[in-house]
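The values are calculated or read from the model by the stated rules, or taken from the named source; none is laboratory data. Remember, predicted model here, so these are calculated numbers, not experimental data. Here Cβ is always computed from backbone atoms with ideal geometry, including for glycine, and neighbour counts include all displayed protein chains. Just the protein is used for accessible areas: all its heavy atoms, side chains included, with ligands, DNA and RNA removed. Shrake-Rupley method; radii C 1.70, N 1.55, O 1.52, S 1.80 Å.
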Amino acid sequence: MVVNTNPNMVIVGSVAFDSIETPHGKKDKLLGGSAVYSSLSASILAKPGIVGVVGDDFESKYCDFLNSKNIDTSGLIKTEGNTFNWGGKYEEDMAQAYTLHTHLNVFEKFKPTINENYKAVNYLFLANIDPVLQMSVLDQMTNLDFVLLDTMNLWIDIKKDELINVIKKVNAISVNDTEARQLSGEWNLIKAGRLLQNMGPELVLIKKGENGTIIFYKNDYFIAPAYPTTETKDPTGAGDSFAGGFLSYIAKNDGVDFDTIKKATVWGNMVASFTVEEFGVEKLKELTEDDIGKRIDEFKKMISF
Ligand code: AMP
């Protein structure tokens, strides 16, 4: 598919049609997937290129839309069959996604191939896919400065050893509180964060939904509250929006130090706070750097005393 930028960040993950039910309504065939949410969130500051697979039901309008946001889709392969379809439901508290169905379709045979245009890119987001595939991506990249990895309970349950092997090789991991506890075997999140660092990554980001994010970097840690949204319509993609926003901030500043990491965390939290205000990627369609900047100014007033 189309090449329209020279990416400075590569994202490997799912591209999906989601069917979502929340107390605010029910929608089908929403453009989603970890690579879509994270690339749209990243595209505000960076030039992401995505690696993924779609089926022949993925009409050209979807790629045109991603390209219009300066997202390079030359790593997106179209094959015969249907695009990955995930069905999820949220209860009133919106804290947890209940999977209604997972139709892997073309995603079942996904083998990420990194094209020549992407191999030497310095920033990589390994979004939630099989850890064996995440490792194969690492092996194909030639010039990495910083790798962020995301995962889910499924891989901790069925491929823990493979997941630990790939975690050893990345700079940062982004997990939610349940995954952090499950992966480390430790209930206390401060101890869990430190145990996850001991597996290899110098940076561990633990997402706590509406309770914000705790980050562990070398010997330091930092706590960033979430922006208190008044209307959460669909929490899908919040984690991927956080990760995409976070890594785009690091890529833009081209360097990793504790101060930049703290600012990137707040940036990622703010992007995610917009995502959840509407179903699917609706809110990310028109979101600008200025909108996020204004929310950060408001947030600073809220937390300073
Ligand atoms: P999150 O940011 O965690 O809310 O991720 C939401 C996205 O994850 C949805 O758009 C789904 O399409 C995608 N997703 C759900 N299950 C899987 C899976 N098993 N593998 C990859 N992506 C998934």
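Select, from ASP145, ASP130, ASP161, the only residue that is within 12 Å of the ligand (Cβ to nearest atom) and modelled with pLDDT of 95 or more. Residue meeting the stated conditions: ASP130.
Among GLU91, GLU108, GLU80, GLU116, which is surrounded by fewer than 16 Cβ atoms within 10 Å (Cβ to Cβ) and either aliphatic (A, V, I, L, M) or touching a Ser or Thr at 6+ places or on another chain (Cβ under 9 Å) (or both)?
The match here is GLU91.
Open to solvent by 40 Å² or more (accessible area, probe 1.4 Å) and in contact with a helix residue (DSSP H, G or I) (Cβ under 7 Å, 6 or more places away or on another chain), is that true of ASN165? Here the answer is yes, as ASN165 does meet what is asked.
For region 29-57, filtered to residues that are farther than 17 Å from ASN128 by Cα and within 13 Å of the ligand (Cβ to nearest atom), the residue that is surrounded by the most Cβ atoms within 10 Å (Cβ to Cβ) is LEU30.
One line per residue, one yes/no per condition, for (1) in a helix (DSSP H, G or I); (2) within 16 Å of the ligand (Cβ to nearest atom); (3) more than 18 Å from ILE167 (Cβ to Cβ):
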residue: VAL204; (1), (2), (3): no, no, no
residue: ILE215; (1), (2), (3): no, no, no
residue: ILE223; (1), (2), (3): no, no, yes
residue: TYR227; (1), (2), (3): no, no, yes
residue: THR230; (1), (2), (3): no, no, yes
residue: LYS233; (1), (2), (3): no, yes, yes
residue: GLY239; (1), (2), (3): yes, yes, no
residue: ALA243; (1), (2), (3): yes, yes, no
residue: LEU247; (1), (2), (3): yes, yes, no
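Checked against (1) more than 16 Å from the ligand (Cβ to nearest atom); (2) open to solvent by 10 Å² or more (accessible area, probe 1.4 Å), ASP177 meets all criteria but (1).
Of all the numbered requirements in (1) more than 16 Å from the ligand (Cβ to nearest atom); (2) assigned to a helix (DSSP H, G or I); (3) touching a residue at least 24 places away in the same chain (Cβ under 8 Å), ASP297 misses one, and that requirement is (3).
Contact map, region 100-116: residues that are at positive phi paired with residues that are open to solvent by 40 Å² or more (accessible area, probe 1.4 Å), Cβ distance under 8 Å, separation 6+ or inter-chain. Pairs shown: ASN105/ASN82. Scanning region 81-93 for residues that are within 11 Å of the ligand (Cβ to nearest atom) and either out of contact with any His (no Cβ under 6 Å at 6 or more places or on another chain) or not polar (S, T, N, Q) (or both) turns up THR83, PHE84, TRP86, GLY87, GLY88, TYR90. The residue that is farthest from the ligand (Cβ to nearest atom), counting only those in region 1-28 that are of a type in the set (A, V, I, L, M) and more than 22 Å from ASN105 (Cα to Cα), is VAL3. Only one of the listed residues (GLY255, GLY268) is out of contact with any Leu (no Cβ under 6 Å at 6 or more places or on another chain) and open to solvent by less than 20 Å² (accessible area, probe 1.4 Å). That residue is GLY268.
Considering only region 179-212, state which residues are at pLDDT below 95 and of a type in the set (Ser, Thr, Tyr).
Once the filter is applied, which keeps residues that are at pLDDT below 95 and of a type in the set (Ser, Thr, Tyr), region 179-212 yields nothing.
Select, from PHE274, PHE246, PHE279, the only residue that is out of contact with any helix residue (DSSP H, G or I) (no Cβ under 6 Å at 6 or more places or on another chain) and among the aromatic types (Phe, Trp, Tyr).
PHE279
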